[in-house]
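First up is the structure itself, then whatever we jot down about it.
The values are calculated or read from the model by the stated rules, or taken from the named source; none is laboratory data. These numbers were taken from a predicted model, which means no experiment stands behind them. Methodologically, a virtual Cβ is constructed for each residue, glycine included, from the backbone with ideal geometry; neighbour enumeration extends over all protein chains shown. Heavy atoms of the whole protein, side chains included, go into the accessibility calculation; ligands, DNA and RNA do not. Shrake-Rupley method; radii C 1.70, N 1.55, O 1.52, S 1.80 Å.
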Amino acid sequence: MPSVSAIEALRRLRDGNRRFFGDARDRQQLASQTRRQEVAIAQEPFAIILGCSDSRVPAEIIFDQGLGDLFVIRVAGNVVAPSGIGGVEFAAARFGVRPVMVLGHSKCSAISATLEELGRPSEKQSRNLRSIVDRIRPSVETLLDTDLRNNPEELLHQSVRAHIRASVDHLRHGSDVLENLIQTDGLIVVGAEYSLETGVVDFITGVPEGALA
Ligand SMILES: [Zn+2]
């Protein structure tokens, strides 16, 4: 059994984020030499985070966590690719980590690049970059068929959220290992959005009713 339940872990993340945006962080303790020596022997992270590579969204800082606390996978646009799913499977199975969080953020440039590409396809994009855009495209392209296309700011905002929800769905159903842990062993996958402007993380999907009350 995991040493920290999914719900307890989500509370820790929420509380840590409150310390961060409330400017009450305690970095000294979180990265102390003592802690470094403890985690050198074994790690016991309590949450898995699949987040964006954006320089303004480092998971440990925005959740006020230290060495050994979070198992973090970062990739531009927090896309769900096979290597990312493998990382999540590994941490969930090996370390018994129970909540998995897809962490998107406001004004994500990978999402806006995808929207631009959908509006005006370019041939110059590298194959590697295209593999990111192609993983975001299915989450957002239907929004371009709505009136949102006339409101770029709102379109981006809704696209970020749609992509978080789609990524959560993909993680839940794109892996037999994770699907089994969800059904039988308390794994949960949640989606959250970080605001660059306020520092607040908004839990937007997957949190059981009343769990964070
Ligand atoms: Zn981003």
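Check GLN37 against each of (1) closer than 22 Å to ILE73 by Cα; (2) without any contact (Cβ under 8 Å) to a residue 12 or more places away in the chain and name the one condition it does not meet.
All conditions are met except number (1).
Tell me which residues, restricted to region 1-14, are open to solvent by 60 Å² or more (accessible area, probe 1.4 Å) and modelled with pLDDT of 95 or more.
GLU8, ARG11, ARG12
Can you name the number of the only condition in (1) over 29 Å from GLU153 (Cβ atoms); (2) open to solvent by 70 Å² or more (accessible area, probe 1.4 Å) that PRO121 fails?
Just one mismatch for PRO121, condition (1).
Only one of (1) within 28 Å of GLN158 (Cβ to Cβ); (2) surrounded by 15 or more Cβ atoms within 10 Å (Cβ to Cβ); (3) within 16 Å of the chain's Cα centre (by Cα) is not met by SER112, so which one is it?
Looking at each condition in turn, SER112 falls short on (3).
Residues in region 53-62: is at least one under 18 Å from ASP176 (Cα atoms), within 15 Å of the ligand (Cβ to nearest atom), open to solvent by less than 30 Å² (accessible area, probe 1.4 Å) and at pLDDT 95 or above?
Filtering region 53-62 for residues under 18 Å from ASP176 (Cα atoms) gives none.
Looking for residues that are under 18 Å from ASP176 (Cα atoms), within 15 Å of the ligand (Cβ to nearest atom), open to solvent by less than 30 Å² (accessible area, probe 1.4 Å) and at pLDDT 95 or above, one finds none in region 53-62, hence no.
Scan region 75-97 residue by residue and report those that are closer than 20 Å to HIS163 by Cβ, of a type outside the set (Ser, Thr, Tyr) and open to solvent by 50 Å² or more (accessible area, probe 1.4 Å). Before you say what the answer is, go through the steps one by one.
Step one: of region 75-97, the residues closer than 20 Å to HIS163 by Cβ are 75-85, 87-88.
Next, only the ones that are of a type outside the set (Ser, Thr, Tyr) stay: 75-82, 84-85, 87-88.
The answer is PRO82, and nothing else.
Only one of these conditions is not met by ARG135: (1) buried (at least 17 other Cβ atoms within 10 Å of the Cβ); (2) closer than 22 Å to ASP54 by Cα; (3) free of Cβ contacts under 8 Å to residues at least 12 places away in the same chain. Which number is it?
Unmet condition: (3).
Regarding ASP23, is this residue part of a loop (DSSP other than H, G, I, E, B), surrounded by fewer than 12 Cβ atoms within 10 Å (Cβ to Cβ) and not small (Gly, Ala, Ser)?
It is true that ASP23 is part of a loop (DSSP other than H, G, I, E, B), surrounded by fewer than 12 Cβ atoms within 10 Å (Cβ to Cβ) and not small (Gly, Ala, Ser).
Looking at LEU171, LEU196, which is the one that is touching a residue at least 12 places away in the same chain (Cβ under 8 Å) and open to solvent by less than 10 Å² (accessible area, probe 1.4 Å)? Lay out the reasoning, then the answer.
On the way: LEU196 fails: open to solvent by less than 10 Å² (accessible area, probe 1.4 Å).
Only one candidate qualifies: LEU171.
Return a yes/no flag: does region 149-156 have any residue that is outside any helix (DSSP H, G or I) and either open to solvent by 30 Å² or more (accessible area, probe 1.4 Å) or more than 13 Å from the ligand (Cβ to nearest atom) (or both).
So in region 149-156, the residues outside any helix (DSSP H, G or I) come out as 151.
Next cut, either open to solvent by 30 Å² or more (accessible area, probe 1.4 Å) or more than 13 Å from the ligand (Cβ to nearest atom) (or both) only: 151.
Yes, there is a match, as at least one residue in region 149-156 is outside any helix (DSSP H, G or I) and either open to solvent by 30 Å² or more (accessible area, probe 1.4 Å) or more than 13 Å from the ligand (Cβ to nearest atom) (or both).
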